[in-house]
Each structure stands twice: as C-alpha cells, then as structure tokens.
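Reviewing the structure listed below.
Just so it is clear, none of the values below were taken in a lab; they were calculated from the coordinates. Predicted model only: the values in this text are computed from it and were never measured. All Cβ positions, glycine included, derive from the backbone under ideal geometry; neighbour counts span all protein chains shown.
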Amino acid sequence: MKRLAIVGGAGRMGQALARGLAARDEFAVVALIDEHPIAPLAGAICASDVSALDPSTVDVVIDFSSPRGVLASASWCSAHAVALVVGTTGLTDEHWSALEAAGQRVGVVVAANFAIGAVLAERFAAMAAPYFERVEIIELHHEQKVDAPSGTAIATARAIAGARRAKGRAPIEDPTTRFSVEGARGADVEDGVKVHSVRLSGLVAHQEVLFGSPGEGLTIRHDSYDRESFLPGVAIAVAHVSATTPELLRGIDSLL
Ligand code: NAD
C-alpha cells in the first residue's frame, strides 16, 4: 500500500483527492499539508509545512498547492528520497528547474491535467493538428483560478504546434491587423496557436480546440464537471511513480 501526503490538503483539489484516494484500497492518505486550516481526515496527520513530515512514513507526496509549494515539495522529496506527483499549474522555468533537479534523484510526475478525457483530447488534437489550416483553443474555468491561460491549454497548444512542425506546417499567421480593443485575439502560445481564457462561476475545467480548413471544421471538447474527474489520472501517476526510479515524467499520456 502506498502512503500519501497531500500538499494543498485544505484546497479544493486537495480535499477531493484526500477523500477519493483514501477510499481506495491501494493507497493510505497519511498526511495533509496546508498553510490554511485543514478539514481532518481519519488516519492522516495535518501540518502547515512539508518539512513537518517524517519521511519514513511517506512514499509519495502529491502537490496541488501553488508554485511556491512546488518548490518546497520538490526540494523536500529530493532530500528525503520520496516520490512526487505534481498537479499544480502556473509553473515557470524556476519551478521546472527544481522539478528537473528532483527528477535526477527520485521519480517525479507532473501533469497540467490528470483527467483522462483531457489527456486523450490533447492526443486527438495533436493528431488533427497538421491536417487543418487554423486552430484556436478556448479554455473555460471557475472564477477562482489564478493563472491564465490554463496549464492544459498551454500544453495542448504546444502539442499542436509540435505536431504541425513535425509535418512541415508553417506557423499560423493572424490575419488581424487592426485592434479596436487590445487582446481581442487571445494569447499566442506557440507558432500562432491562440488561447482564449474564460473565467465564470459554475464552471470547473473545460476546453475546446477548434480546427478550421476551407469548408470544414472540427471541435474537440473536454469537460471536467467535478474535481472527481482528476482522481483516476492522479491514481495512475501515484501507482507508477517510485522514489527508486529517478525520472521527470511530463504528463500521463505515456501511462495510459
Ligand atoms: P485551492 O486554492 O483551492 O487550493 C490550494 C491550496 O494550497 C490552498 O489551501 C493553499 O492554502 C495551499 N497552499 C498554497 N501554497 C502552499 C504552500 N506553499 N504550502 C502549503 N500549502 C499551500 O486551489 P485548487 O483549485 O485546489 O488548485 C490547486 C492547484 O491545482 C492549482 O494550481 C490548480 O491549477 C491545479 N489543478 C490542477 C489540476 C490537474 O489536473 N493538474 C486539476 C485541478 C487543479
């Protein structure tokens, strides 16, 4: 049985994961870490900082907190030979460097989206990408999301751009030359693949990839209606990752 500590344990994802993973026979949630007061979970200790953990009691740290939290988790896991699964988004080069360093010593899995449907949607988008002239992404999330565009949209845009380049397709050019209001055409993530971010209450996590060519269109849409949708993917990552197999695995596509 793998023993898990959840950083961000008081948060929306942390609470959903704590309940969902604790209900599975193959996992035990032994600790919840958060700067804010944590709703207790039977069998789990609560602490405000990852440094309070006893490494001999934890096999995998799961981080759904903040980029700052990821730095602490990566450093602690690396120093104490504990595997790490990261779902936190909004990571910059500084965070990726820390994760790469941790991945030299222990197993690390980082994914911008653990929903199986979202992983498949990205795969399907990369398949379609070289065959259409234009593509734009609309990502829609709950109103409390602090980073934009979503990590999923960035990853999808990069996968699309990479798939187009691999087939010799040129970057997508924007025909817009006159902006009545700046920003109306979204953000160019890579090679002209645009992302538009929507924030509304009532939403969880949703994304549409819209492809267009003369006379036809293709829309690939994924919806996470509930945070439960992320649980199976996190469980796959936790089952895979190991402190004794150093790696930095980006995304869970290869684990499906
Ligand atoms: P949230 O704000 O509800 O929860 C985050 C929690 O982390 C908070 O309770 C906060 O106090 C805690 N926290 C932040 N920094 C900390 C630190 N340094 N040490 C200890 N605790 C810390 O947010 P959420 O909706 O649960 O999302 C958390 C993260 O997970 C976000 O980055 C979000 O984008 C990401 N997310 C990823 C996926 C995925 O599939 N990869 C899915 C949903 C959300």
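Positive end of the dipole of region 116-225, charges at C-beta (+1 Lys, Arg; -1 Asp, Glu), about the Cα centre: which of SER201, HIS142, GLY186 has its Cα farthest in that direction?
The residue sitting most towards the positive pole is GLY186.
Taking the Cα centre of region 1-81 as origin and charging only Cβ (+1 Lys, Arg; -1 Asp, Glu), how large is the dipole, in debye to the nearest 20?
Here the size comes out at about 180 debye.
Placing +1 at every Lys and Arg Cβ and -1 at every Asp and Glu Cβ, with all other atoms neutral, what dipole size does the chain have around its Cα centre, in debye to the nearest 20? Each step should come with its number before you reach the end.
Values: 22 positive and 30 negative charges, 61 e Å.
That gives the chain a dipole magnitude of about 300 debye.
Using mean Cβ contacts within 10 Å as the protection proxy, how do 238-244, 8-14, 41-47 order, highest first?
Descending mean neighbour count gives 8-14, 238-244, 41-47.
Using a/c under 1.5 as the rounded threshold, could you call region 116-225 rounded, prolate or oblate? The axes a ≥ b ≥ c are square roots of the C-alpha gyration tensor eigenvalues, and prolate needs a/b larger than b/c, oblate otherwise.
Verdict is oblate for region 116-225.
Measuring from centroid to centroid over Cα atoms, what is the spacing of region 69-101 and region 183-256 in Å?
Measuring centre to centre over Cα atoms gives 20 Å.
So for ILE38, ILE33, fewest C-beta neighbours within 10 Å to most, what's the order? Spell out each step's value before the answer.
Values: ILE38 23, ILE33 30.
Least to most surrounded, the residues fall as ILE38, ILE33.
Using the Cα atoms of the chain, I'd like the radius of gyration and the largest Cα-Cα distance, Dmax, both in angstrom.
Cα-based Rg and Dmax for the chain come out at 19.2, 61 Å.
Using each residue's phi in region 142-155, evaluate 6.51 cos²θ - 1.76 cosθ + 1.60 at θ = phi - 60° and report the 3J(HN,Hα) Karplus result to the nearest Hz, with x for Gly and Pro.
So the Karplus estimates, Gly and Pro as x, are 4, 6, 9, 5, 9, 9, 8, x, 5, x, 5, 5, 4, 5 Hz.
Quick one: Karplus J couplings for region 216-225, per residue in order, coefficients 6.51, -1.76, 1.60, θ = phi - 60°, nearest Hz, x for Gly and Pro?
8, x, 9, 10, 10, 10, 10, 10, 9, 7
Please list the non-local residues whose amide H lies under 5 Å from the amide H of LEU249, H modeled 1.01 Å from N, same-chain partners needing a gap of 5 or more.
The answer is VAL108, VAL109, VAL110.
Given H placed 1.01 Å from N in the peptide plane, which residues other than close sequence neighbours of LEU203 have an amide H under 5 Å from its amide H?
Long-range HN contacts for LEU203: GLU143.
Output the peptides 109-115, 129-135, 167-173 sorted from most to least packed, where packing is the average of other Cβ atoms within 10 Å over each peptide's residues.
Ranked from most to least packed, the peptides come out as 109-115, 129-135, 167-173.
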